[in-house]
Amino acid sequence: MSVPRRHRGRQAAAVALLALLVACGPSDLGSRAKAPPPLLATEYPLDDYGLSLRLPAGWEVSARPGALRWQAVPIENGQPVPGVYFLIARDTAQSVPGLPPTPPAGLGSFVDHSEALARKDSRRYQIAATGTVALDGRKAIWHERAYATYTTARRSYSVMTVRGDHGYLLSGSAPEGQYRRWEPAFRAIAGSLRWREPVDAAAVEPSFDPD
Amino acid sequence: MGARSTAALRRVASCLLPLALLGGCSDGEAPQVVRFLVVGDTGTGPDGFQYDVARVMEQVCAQRGCDFALVTGDNIYERGVTSVTDSQFETAFRTPYANLNIPFFVTLGNHDNTGNTAAGDGSNNGRGDFQVDYTYSPGNVGRKWNMPDRYFGFTWPQTATLPMADFVSIDASPITHYVNDTSRQWSGDTVATYIADQQAFIADRFRSSQARWKFAFAHHPYLSNGEHGNAGSFEQGTQPDVCTIPLLVSATCRGAEYKAFVEAAVCNEADVMFSGHDHELYWLQPTGACGKTEFIVSGAGSKTRVIQAPDRNPAYFQVGDIPGFFWVELNGDTFTGAAYTETNGISTRVDTGGRPLPVFERSFRRRE
């Protein structure tokens with residue numbers, strides 16, 4: 001479609017404005033969350049995972065075993081909020097001593113496998129929403145998962161990515177009725193991830209453009 | 001026959017009804033009295049002391065009354081079961097407890113989740129799933145075996161709107177084990193999510209519970225004066241120290257993450273945490289890090305071992321090298337626990353009528 005010369009300047013301004021909005025907006029345009037809470041300036045180094053995170057005010061680290069998971073929980077009235085957590089874990093199956101390494105073939109296979117296992121383990125499991133997001137330059141896929149543990153309906157914001165030989169899961173989870181309240185915090189914590197070592201050139205995906 | 005014995009018999013009789021196995025023995029209101037057995041590490045079948053212990057359990061239930069039993073794990077030695085029709089469900093559960101017509105609420109132990117390498121290594125959680133599935137199988141006649149999920153909760157009476165007691169069963173083995181389960185389902189991000197969800201479930205359930213009493217039961221202890229020891233320091237007393245065996249041993253072997261798990265989800269919420277794993281009987285005092293919670297270790301249901309470090313944790317009672325179990329009564333705000341031991345199917349202590357007498361009994365009032 002041709003554009004009259006007198007309108008071309010207006011069109012260029014509109015395109016520029018749109019580009020500015022996109023550039024200044026959240027990296028995850030698929031988000032339905034409210035504005036995320038402010039994050040603490042303090043970075044939490046997670047040496048075992050080779051990354052760091054920041055937490056919102058009022059959150060505390062509750063588990064740092066160096067083995068299975070790193071976990072943070074929100075604190076209200078001096079007590080952890082029951083049933084709400086944010087965890088980071090790494091697929092360690094490929095690094096078991098004595099066994100040959102079996103790194104994930106890629107992000108797609110890692111997500112597919114995690115998805116299949118979560119579906120197998122959980123009751124009433126479904127993916128309510130999905131999209132892509134950038135984690136400090138690495139492409140990641142997020143799922144909003146609705147599921148149930150023994151008797152509790154839950155919902156999680158789960159982000160999966162692959163770096164080097166490892167798959168990473170970042171997951172904020174809350175009882176179903178509380179999820180929307182905590183979702184902005186989950187997204188903010190995940191978005192604060194910074195790799196502590198430079199991403200090797202081969203792993204960089206320069207063309208990645210989050211949706 | 002005294003009024004107490006008559007009431008106990010009436011209660012046992014009412015529990016013979018199949019419906020009672022599912023719904024408890026009440027008409028919907030919480031009774032003032034609930035009684036149950038706590039027995040663990042039972043699963044030897046006829047090769048261990050299981051059948052002899054069961055005879056004394058029958059006698060105590062006939063004498064004092066039992067609504068149900070808690071089983072604190074290692075339900076099937078040495079490597080769990082391989083299907084819901086595994087014959088060990090008969091030899092190590094249905095046959096020894098055939099005369100105990102009460103529901104058994106069962107938690108998973110490390111031996112129930114073993115099947116890849118050495119016995120008890122905890123490296124095959126898939127085997128534990130068969131014990132869950134057995135709950136729903138036709139072979140589970142009368143729904144006597146109750147493990148509705150790998151971790152679960154139940155109230156007693158189950159039909160009461162305001163139950164007397166709330167119980168949660170912890171699936172401890174994925175949190176602390178000797179050898180990593182290398183299956184993708186039980187490693188890395190999936191097991192981490194499983195543990196976090198389990199912790200959230202338990203903490204949420206306890207904090208929202210309206211029951212008068214709250215209890216946790218698990219296989220692995222938080223405190224123990226036995227060979228396995230305290231969570232966070234598991235196996236430091238074993239020779240050789242199994243947590244230092246190269247290549248095979250998991251980073252969770254000492255139980256540091258399990259200790260943190262219990263402190264976050266159970267401590268100062270549960271009135272008592274029941275466990276097994278060590279094959280002795282202990283009733284250990286509360287410790288500062290865990291608030292009001294008391295600890296009963298009942299792991300002598302078919303195997304025995306000597307007490308390794310009697311001064312490791314202050315104890316109200318401890319006995320080793322003899323099979324036995326605990327019997328518990330909740331009467332309003334009073335908890336009474338009694339330990340029974342046996343030799344050749346006969347209670348170590350008996351009254352003049354030959355009926356079992358406990359080797360220890362203690363009561364305490366519920367603390368807020």
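The values are calculated or read from the model by the stated rules, or taken from the named source; none is laboratory data. Computed from a predicted model, the values in this text were never measured in an experiment. A quick note on method: Cβ atoms are made from the backbone with ideal geometry, for glycine too, and the neighbour counts reach across all protein chains shown.
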For B:VAL191, the lone unmet condition from (1) surrounded by fewer than 19 Cβ atoms within 10 Å (Cβ to Cβ); (2) within 11 Å of chain A (Cβ to nearest Cβ); (3) over 18 Å from the mean Cα position of the chain (by Cα) is (1)
Give the residues of region A:138-177 that are at pLDDT below 95, aromatic (Phe, Trp, Tyr) and over 23 Å from B:ARG205 (Cβ atoms), sorted by residue number. A:TYR168
Could you check B:HIS219 against (1) in contact (Cβ under 8 Å) with a residue 12 or more places away in the chain; (2) in a helix (DSSP H, G or I); (3) in contact with a helix residue (DSSP H, G or I) (Cβ under 9 Å, 6 or more places away or on another chain) and say which number it fails? (2)
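Would you pick out the residues in region A:115-151 that are of a type in the set (S, T, N, Q) and surrounded by 17 or more Cβ atoms within 10 Å (Cβ to Cβ)? Outline the logic, then answer.
Filtering region A:115-151 for residues of a type in the set (S, T, N, Q) gives A:122, A:126, A:130, A:132, A:149, A:151.
Those that are of a type in the set (S, T, N, Q) and surrounded by 17 or more Cβ atoms within 10 Å (Cβ to Cβ): A:SER122, A:THR132, A:THR149.
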Could you list, in sequence order, the residues of region B:135-157 that are out of contact with any Cys (no Cβ under 8 Å at 6 or more places or on another chain), away from chain A (no Cβ under 12 Å) and buried (at least 17 other Cβ atoms within 10 Å of the Cβ)? B:THR135, B:ASN140, B:LYS144, B:TRP145, B:ASN146, B:TRP156
Sole miss for B:ALA98 among (1) in a loop (DSSP other than H, G, I, E, B); (2) touching a residue at least 40 places away in the same chain (Cβ under 8 Å); (3) out of contact with any Cys (no Cβ under 6 Å at 6 or more places or on another chain) is condition (2)
Does B:TYR316 count as among the hydroxyl-bearing types (Ser, Thr, Tyr), surrounded by fewer than 22 Cβ atoms within 10 Å (Cβ to Cβ) and either in contact (Cβ under 8 Å) with a residue 24 or more places away in the chain or not in a loop (DSSP other than H, G, I, E, B) (or both)? yes
State which residue is nearest to the chain's Cα centre (by Cα) when the search covers only region B:251-262 and only residues that are within 9 Å of chain A (Cβ to nearest Cβ) and at pLDDT 85 or above. B:PHE261
Count of residues meeting criterion [over 25 Å from A:THR152 (Cβ atoms) and outside any helix (DSSP H, G or I)] in region B:101-136: 14
Would you mind finding the one in B:THR334, B:THR304 that is out of contact with any Cys (no Cβ under 7 Å at 6 or more places or on another chain), hydroxyl-bearing (Ser, Thr, Tyr) and within 26 Å of B:ASN75 (Cβ to Cβ)? B:THR304
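Quick grid of which residues meet (1) of a type in the set (Asp, Glu); (2) touching a helix residue (DSSP H, G or I) at 6+ places or on another chain (Cβ under 9 Å); (3) within 9 Å of chain A (Cβ to nearest Cβ):
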| position | (1), (2), (3) |
| --- | --- |
| B:GLY115 | no, yes, no |
| B:ASP121 | yes, yes, no |
| B:ARG127 | no, yes, no |
| B:VAL132 | no, no, no |
| B:HIS177 | no, yes, no |
| B:ARG184 | no, yes, yes |
| B:ARG207 | no, no, yes |
What number of residues in region B:196-210 are of a type in the set (Gly, Ala, Ser) and either crowded, with 20+ Cβ neighbours inside 10 Å or farther than 18 Å from B:TRP156 by Cα (or both)? 3
Read through the list (1) under 28 Å from B:ASN124 (Cβ atoms); (2) in contact (Cβ under 8 Å) with a residue 12 or more places away in the chain, then give the number of the only condition that B:THR244 fails. (2)
Pick from region B:240-250, criterion facing chain A (nearest Cβ under 10 Å) and part of a loop (DSSP other than H, G, I, E, B), ranking: surrounded by the most Cβ atoms within 10 Å (Cβ to Cβ): B:SER250
Among the residues of region B:262-290, which ones are out of contact with any Gly (no Cβ under 7 Å at 6 or more places or on another chain) and farther than 19 Å from B:ASP166 by Cα? B:TYR282, B:LEU284, B:GLN285, B:PRO286, B:THR287, B:GLY288, B:ALA289
Output yes when any residue across region A:63-78 is surrounded by fewer than 20 Cβ atoms within 10 Å (Cβ to Cβ), on the phi > 0 side of the Ramachandran plot, part of a loop (DSSP other than H, G, I, E, B) and in contact with an Asp or Glu (Cβ under 8 Å, 6 or more places away or on another chain), and no when none is. yes
Report those strands (runs of 3 or more DSSP E) wholly inside region B:254-301 carrying at least 2 residues which are farther than 23 Å from B:THR42 by Cβ and basic (Lys, Arg). none
Condition first: more than 10 Å from chain B (Cβ to nearest Cβ) and in a strand (DSSP E or B). Can you find one or more residues in region A:177-185 that meet it? no
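Quick test for you: out of B:SER173, B:SER169, pick the one residue that is in contact with a strand residue (DSSP E or B) (Cβ under 6 Å, 6 or more places away or on another chain), buried (at least 24 other Cβ atoms within 10 Å of the Cβ), in contact (Cβ under 8 Å) with a residue 60 or more places away in the chain and more than 7 Å from chain A (Cβ to nearest Cβ).
B:SER169
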Would a scan of region B:222-237 turn up a residue that is at negative phi and at the interface with another protein chain (Cβ under 8 Å from one of its Cβ atoms)? no
How many residues, within region B:319-351, are polar (S, T, N, Q) and surrounded by 14 or more Cβ atoms within 10 Å (Cβ to Cβ)? 5
